[in-house]
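Here, each number is a calculation from the coordinates, and none is a lab measurement. A quick note: this is a predicted structure, and the numbers were derived from the prediction, not measured. Don't worry about glycine lacking a Cβ; one is built from the backbone with ideal geometry, like all the others, and counts go over all protein chains shown.
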Amino acid sequence: MRAARRLAKGEAYQRLTSLLKPAVIAVIVVVALLVPQFTDRRDTLNLLFLVYLYVTMAQSWNILAGYAGQINLGHAAFFGVGAWTTRGLWTDEDVPFMVAFLMGGLVAMAFAIVFGIITFRLRGVYFAIGTLALAEAMRLTVANLLPNIEALPGPTIARYELEPRYYLALGLALFAAATVLLLPRLRISLGVLAVREDEAAAEASGVNPLLHKLFALALSSFFAGLAGGTFAFYHVSYYPSFTFSSVWTFDAVLATFIGGIGTVAGPIVGGVFFIFVRERLAVSLVEVHQIIFGTLFILVVLILPGGLVEAWSRLRRLATRVIR
Amino acid sequence: MNLEPVIQNLVFGLFVGGLYGIAAVGLSLVFGVQKVLNVAHGSLIMLGGYATFWLFTWYGIDPFLSILLTGPLLFAFGMALYLGMFQFITRLGEEERIKNSLLISFGLTLVLENVAIRLWTADERAVTTSYAGDGITIEGIAFPYTRVASLIVAAIGVFVLHTFLTRTFAGKAIRATSEDWEAASLMGINVQRTYVVAFALGTAMAGMAGALVSVSYLVAPSIGLAWTLKALVVVVLAGMGSILGAFAAGILLGLVEALSIYVVGASYREVVGLLLFVLVLLVRPQGLFGRH
Amino acid sequence: MLELEANDIHVAYGDLTALWGVSLKVHQGEIVVLIGPNGAGKTTLMRAVAGLQPPYRGQILLDGESVQQMRSHQLVDRGVVLIPEGRRLFADMTVLENLLLGAYAPKARKSMSETIDRVYTVFPVLAERASQAAGTLSGGQQQMLAIGRALMAKPRLLLLDEPSLGLAPLVVADIFDVVRQINQEGVTVLLAEQNARMALELAQRAYILEEGKVSGEGTGQEMLQADHVRRAYLGQVSPLESAPEA
């Protein structure tokens with residue numbers, strides 16, 4: 001009798017928690033959408049903008065790293081290509097922004113496919129260092145070809161409003177999260193996961209590793225490119241070579257690992273954590289946040305591969321055991 | 001055509017190449033022996049550079065002589081790093097080990113770079129000795145003392161390491177471990193201890209390279225990544241496991257970079273190395289002198 | 001007086017268990033042989049005794065001391081030396097370097113020069129080719145180098161894993177003669193072999209290992225006569241037939 005009652009209680013608890021998760025997410029999204037309506041504070045909006053941007057970068061990197069199992073250290077190149085395309089089309093060619101924005105993602109994707117066809121011939125860690133080298137080569141080349149600061153024209157600055165930037169970044173982050181959530185439901189994901197687990201075995205069963213890796217890369221670079229476009233929309237002036245800097249890769253890597261690689265929530269948690277800690281410490285102890293992230297990163301790799309997300313779920317399991 | 005500037009350029013390429021060689025040797029050793037890819041190697045070079053700079057600034061010790069101090073200092077630091085961090089991944093299989101060593105050494109780079117900023121600020125430092133501007137001139141080609149000394153010291157360092165590995169019992173044990181750690185273990189070789197020594201040696205070599213960097217280049221917390229990449233290029237060019245080969249490949253890279261400025265222009269000098277790196281990875285992954 | 005005892009050891013590679021509760025004993029001065037089919041676990045057992053593959057359950061006792069969690073170099077120091085399957089010489093190093101490395105352990109290093117003289121006496125061909133790269137030797141010579149290298153460590157218990165692998169029958173006979181000689185000088189031997197006939201003729205005692213378990217035990221002669229052994233491992237149906245083995 002007692003066992004049956006405990007079972008019923010357990011079931012009720014399960015039902016409650018499964019309703020709770022989407023409810024919490026819905027609340028967070030609604031709050032995020034409403035923030036600009038309730039506050040004019042630039043620093044809040046800027047902070048949240050950065051959060052959304054970093055979440056997107058982390059999420060997009062995770063598509064190739066967690067989902068497809070490839071550590072790409074050239075992610076910044078796609079960000080840079082997206083930024084350059086969007087900015088160029090929007091400011092120089094007078095293309096309507098949303099078109100330029102979309103083109104940023106598409107051009108980054110096209111570039112990535114070429115990039116991938118070359119680099120996917122390398123495996124494992126050689127792929128990682130090969131992509132890093134190529135991305136650095138691109139940064140140096142861009143620094144040579146476009147050494148001057150890229151600034152918005154006067155009239156555009158005059159019309160500058162923070163709100164649309166905020167919503168663009170938020171929308172992109174939501175779009176990226178939704179895509180990652182839906183990915184496992186696609187048939188192609190079976191192939192991608194097979195390649196991730198054991199490329200040779202996958203190939204032997206008739207799965208084409210290159211095509212599946214390119215698929216993940218295309219998605220990854222598309223979002224990175226869009227993130228670059230968002231950056232180009234947001235910043236009044238910047239050095240083009242900065243958008244190709246490896247910090248964009250490494251920050252995404254840090255955020256993803258610390259948050260939890262291979263999960264949907266991981267990059268989100270990691271991105272939020274990353275920006276909040278960074279901005280909190282930015283005033284007083286500038287470098288400390290990097291030391292913290294570096295150390296956390298090492299700890300995650302050595303001890304807790306699932307990152308903060310795994311730490312959280314372990315704590316929860318511990319808590320439920322205590323409660324019952 | 002006036003060949004003098006070309007030859008001068010090549011001569012400087014030779015000097016730079018020697019530095020590239022010794023920068024790479026430590027990385028090659030560690031990867032060859034225990035399949036650990038330490039991308040913080042450049043940051044260790046940076047630390048060696050700072051050690052040299054402070055010994056020079058506070059105590060006036062000549063940068064080439066202070067290697068006798070910074071070498072052991074970084075050897076000890078390398079031991080601490082290995083025992084504190086890298087030893088925990090050596091129980092993994094080769095592929096996992098390489099991947100995880102890449103990741104944790106990336107974290108280490110961040111930590112080292114930013115600790116350096118906190119301690120010494122982001123300002124660029126260089127060691128300027130009293131004889132910095134002097135040199136000898138042969139047939140119109142300048143041979144600055146500092147550059148010549150750097151090349152000689154680099155060559156000596158590499159040669160000493162090579163001799164240690166090939167002629168001493170401990171060195172042969174390291175090579176045996178690198179070739180087949182299980183067989184080495186069956187000889188009574190303490191493989192864990194060998195790994196510590198190899199890693200510490202690699203760090204000491206990085207320290208030595210750092211000393212030379214402080215004289216011929218600039219030392220700043222951010223130089224880590226660039227030097228790691230440079231060392232990686234040389235290691236891949238040479239092929240894993242070849243110490244003398246790494247030195248030769250370093251010189252080769254220095255000369256190729258020097259010549260490349262006539263083809264693509266000086267501002268693309270670094271790009272040449274990186275593209276060559278990817279090319280070698282794609283076409284001849286075992287490198288020019290590699291074993292398998 | 002050397003005593004090796006394995007008690008109910010279980011060894012696994014990751015999730016895959018290779019040995020299920022294996023027990024055996026080796027006494028001072030014996031030649032004990034392990035026979036059994038490919039994949040039965042002979043190599044796993046040898047590796048476990050040598051410290052390369054610690055068992056997750058069970059004990060290995062050497063002279064009463066519990067050694068199953070010790071690493072190989074610690075076992076070499078206690079006189080347990082394995083010549084692994086495929087020999088695993090350092091191919092790029094010379095014959096001499098391989099031999100010297102065999103004496104790396106501190107106890108062995110002290111008597112290194114006299115041991116090497118002895119090895120050269122047993123294997124004159126190694127003296128001839130001392131400065132040749134180990135990878136350039138023939139199969140039989142490599143096996144001799146492998147044994148010589150193991151002898152440099154001054155073993156009390158010599159473990160041999162498939163010494164006949166890839167060698168011509170005449171060469172195998174020579175190798176087994178050497179093993180007999182070494183044993184007569186006081187070294188205890190544990191030998192895992194596919195070539196059951198030659199191994200059983202050499203052995204005092206033998207164990208059959210099948211699918212990770214000990215399925216039979218006895219003296220060398222008993223094994224040579226046993227029906228099951230003859231059928232499975234000696235290629236014979238009855239004691240009167242003598243079919244040539246592969």
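Straight Cα distances below 18 angstrom link A:K213 to the aspartates and glutamates A:E197, A:D198, A:E199, A:E203, with same-chain residues fewer than 8 positions distant left out.
For chain A, the longest principal axis of the Cα atoms and the long axis of helix A:124-145 meet at an angle of about 30 degrees. Potential lengthening of the chain between A:F276 and A:V236 amounts to 12.1 nm, from the contour at 0.36 nm per residue minus the alpha-carbon distance. Once the Cα atoms are used to define both axes, helix A:75-87 deviates from the longest principal axis of chain A by about 50 degrees.
Here the calculated FRET efficiency for A:A110 and A:N144, from their Cβ-Cβ distance with R0 = 25 Å, stands at 0.65, rounded to the nearest 0.05. Computed from phi, the 3J(HN,Hα) profile of region C:132-144 under the Karplus parametrisation 6.51, -1.76, 1.60 (θ = phi - 60°) reads 8, 5, 4, x, 8, 7, 6, x, x, 5, 5, 5, 5 Hz, with x in place of Gly and Pro.
Label sites at B:E95 and C:E222, each approximated as a point 7 angstrom past Cα along Cα to Cβ, lie 4.7 nm apart.
Placing +1 on the Cβ of every Lys and Arg and -1 on the Cβ of every Asp and Glu, with no other charges, gives chain C a dipole of roughly 540 debye about its Cα centre. For the segment C:86-92, counting C-beta atoms of other chains within 10 Å of every residue's C-beta and taking the mean gives 4. Sites counted here are GluC sites (Glu not before Pro) in a DSSP loop (not H, G, I, E or B) having no more than 12 other Cβ atoms within 10 Å; the longest part of chain B that contains none of them is B:140-292.
A simple count of charges around C:E222, restricted to other residues whose Cβ falls under 12 Å of its Cβ and scoring Lys, Arg +1 and Asp, Glu -1, yields 0. Taking a ≥ b ≥ c as the square roots of the Cα gyration tensor eigenvalues, with a/c under 1.5 meaning rounded and otherwise prolate when a/b beats b/c, else oblate, which class fits region B:200-292? Because a/c hits 1.5 or more and a/b fails to exceed b/c, region B:200-292 counts as oblate. Comparing mean-square fluctuations of A:G262, A:G130, A:G206 from a GNM of chain A with C-alpha springs under 10 Å, the top value falls on A:G206. Among DSSP beta bridges lying fully in the protein assembly as shown, give the percent that are antiparallel, nearest 5. Counting DSSP beta bridges with both partners in the protein assembly as shown, the antiparallel share is about 60 percent. Rounded, prolate or oblate: which fits chain A, taking a ≥ b ≥ c as square roots of the Cα gyration tensor eigenvalues, rounded meaning a/c under 1.5, else prolate when a/b beats b/c? Here chain A falls in the oblate category. Cross-link partners for C:K154 among the lysines, with Cα-Cα distance under 29 Å and sequence neighbours closer than 8 places in the same chain left out: B:K172, C:K25, C:K42, C:K107, C:K110. Loop-located GluC sites (Glu not before Pro) in region A:55-157 (DSSP state not H, G, I, E or B) with no more than 16 neighbouring Cβ atoms inside 10 Å: A:E93. Computed about its Cα centre, the charge dipole of chain B is approximately 580 debye, with only Lys, Arg, Asp and Glu carrying charge at their Cβ. At what distance in angstrom do the alpha carbon centres of region C:1-50 and region A:27-56 lie from each other? Cα centroid to Cα centroid, the span is 65 Å. What you get for region C:88-154, charging only the Cβ of Lys and Arg (+1) and of Asp and Glu (-1), is a dipole of about 300 debye around the Cα centre.
Annotation for B:L83 and C:V122: the two label points, set 7 Å from Cα along the Cα-Cβ direction, are 3.8 nm apart. Take the Cα radius of gyration of the protein assembly as shown and divide it by 2.2 N^0.38 Å, N being the number of residues; the result is 1.12.
Each of C:S72, C:V32, C:L170 was placed along the dipole of chain C (beta-carbon charges, centred on the mean Cα), and the one lying farthest toward the positive end is C:S72. Electrostatic bookkeeping for B:L19 treats Lys and Arg as +1 and Asp and Glu as -1; over the other residues with beta carbon under 13 Å from its beta carbon, the sum is +1.
Approximating the spin labels as points 7 Å out from Cα along Cα→Cβ, the B:A266-to-A:R316 distance works out to 6.0 nm. The C-alpha atoms of chain A define a longest principal axis, and helix A:307-323 lies at about 20 degrees to it.
DSSP bridge analysis restricted to chain C gives an antiparallel fraction near 55%, rounded to the nearest 5.
The residue among B:V196, B:A231, A:G307 whose Cα reaches farthest toward the positive pole of the charge dipole of the protein assembly as shown, with charges on the beta-carbon of Lys, Arg, Asp and Glu, is A:G307. Once you sort the root eigenvalues of the Cα gyration tensor of region A:38-189 as a ≥ b ≥ c, which label holds: rounded (a/c under 1.5), prolate (a/b larger than b/c) or oblate (the other case)? Oblate, since a/c reaches 1.5 and b/c is not below a/b.
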